[in-house]
1. Which angle between 0 and 90 degrees, to the nearest 10, do you get for helix 53-67 versus the longest principal axis of the chain when only C-alpha atoms count?
2. Can you give me the % of accessible surface on the chain that is carbon or sulfur? Probe 1.4 Å, all protein chains present, nothing else counted.
3. Counting only heavy atoms of protein chains, what accessible area per residue, in Å², does the range 233-303 have with a probe of 1.4 Å?
4. If you wrap a convex hull around the C-alpha atoms of the range 26-152 and split its volume per residue, what is the figure in Å³?
5. How far apart, in nm, are two points set 7 Å out from the Cα along the Cα-to-Cβ line at Arg258 and at Asp3?
6. If I fit a long axis through the Cα atoms of helix 160-177 and take the longest principal axis of the Cα atoms of the chain, what angle between them do I get, 0 to 90°, rounded to 10?
7. Given the -39500 (n - 2.57) contribution per DSSP H run of 4+ residues, what per-residue ellipticity at 222 nm results for the chain, rounded to the nearest 500 deg cm²/dmol?
8. Can you give the direction-averaged projected area of the convex hull of the alpha-carbon atoms in the chain, in nm²?
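The values are calculated or read from the model by the stated rules, or taken from the named source; none is laboratory data. Worth saying up front: this structure is predicted, and the values here are computed from it rather than measured. Cβ sites come from the backbone with ideal geometry, for glycine too, and all protein chains shown count toward neighbours. Only protein heavy atoms, including side chains, enter the accessible area calculation; ligands, DNA and RNA are left aside. Shrake-Rupley method; radii C 1.70, N 1.55, O 1.52, S 1.80 Å.
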Amino acid sequence: MKDSQGQILYVGKAKNLKNRVQSYFRNSNNHSPKIKKLVKHLRDFDYILTDTEFEAFMLECQLIKSIKPLYNRMMKSPQSFIYISISLTGNHRKIDIAFNPIENDGKVYFGPYTSRRKVEEAIRALKECFKLNCSNPNGTNSACLNYSLGACLGRCLGGPAEQQYNDILDRFIGFLKGTDMSILEDMNQMMLNASDAFDFEAASAYRDHIQAVSSLLKKEKVIEFTEENHNIAAIEKVTDSSIKFFLIKRTEILFSHRYAIAGSISEKIKADILAYLKKDEANAAGEISRHEINAAHIIYRYLHSGGCSYLLIPESWLESENHSTLDLALEDLLNSPQHLQPPILNE
């Protein structure tokens, strides 16, 4: 959608473009102020036809990322993904949540996480277990209210408690990096001590706290799958006489092509796989960034929608001596019945 100057205001997708466009001009009383403002500035449209719904989702994601249209930003919650931020230096270090990590700001960030509730529960659990809830963190050397309630270990008083507080934060950083599990070990000991003292209510609370903090290490399946950096070949039926082939790496479609189902097409597909994966040798694995999450979710849902068949291609299959293994796997992929029905990708 464009304004009178040709500036792109909004990028969207639709199975039925006519109905989608008409919806912006009907029942305008029910539209949000943002939609009303968009329609007011709207002067022109461009559209791109895709062979499959998956392509439409990926193209929309790519265009929004590259163009950054004004109304896509306005209509997207800035709190979609969150991070844990921990300051590294200073006398009064903080642990908090953040939505936009800033480089070189004296903090370390962990994430992105997609559940704000789970992150907040985990931080609250950490603070309660280790008495980090100081209500006077700026340190006036006087005890805060939470210290008198037993919820603060005394960092407000300065001295050894301040160092103890910093040590706990450093251990928590180690925990989030996966290098130091002593935080969980201490919490387990707290639970056992409460149980030995027959304080089962406290033991139950510690158990819940342990689960909340442990959840920070459990990556979502989609993120874990993406970080493994698979080479993925996927096939979807478009018509009775054609299929669409996708070669995917991480969160990008390296190559796509529509093939007519006539004779043997596995050799053509194998040639494309070898050509494009050889070009992509520099694409290394690593932690997924917030900018990749939307595409990662689209690809993961597509592969598990039941409407396509896909193949994970190990690097070893790209070696000439293993091409016969790739041939057999492609034949199985092309003969798979899983891509006979169109996939369903929810908004």
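1. Around 60 degrees separate the two axes.
2. The value for the chain is 50 percent carbon and sulfur by accessible area.
3. Normalised by residue count, the accessible surface of the range 233-303 is 46 Å².
4. Taking only Cα atoms, the range 26-152 has a hull volume of 208 Å³ per residue.
5. Once both label points are built, they end up 3.6 nm from each other.
6. 20 degrees
7. The per-residue figure over the chain is -13000 deg cm²/dmol.
8. Average of the hull's projected areas for the chain equals 25.5 nm².
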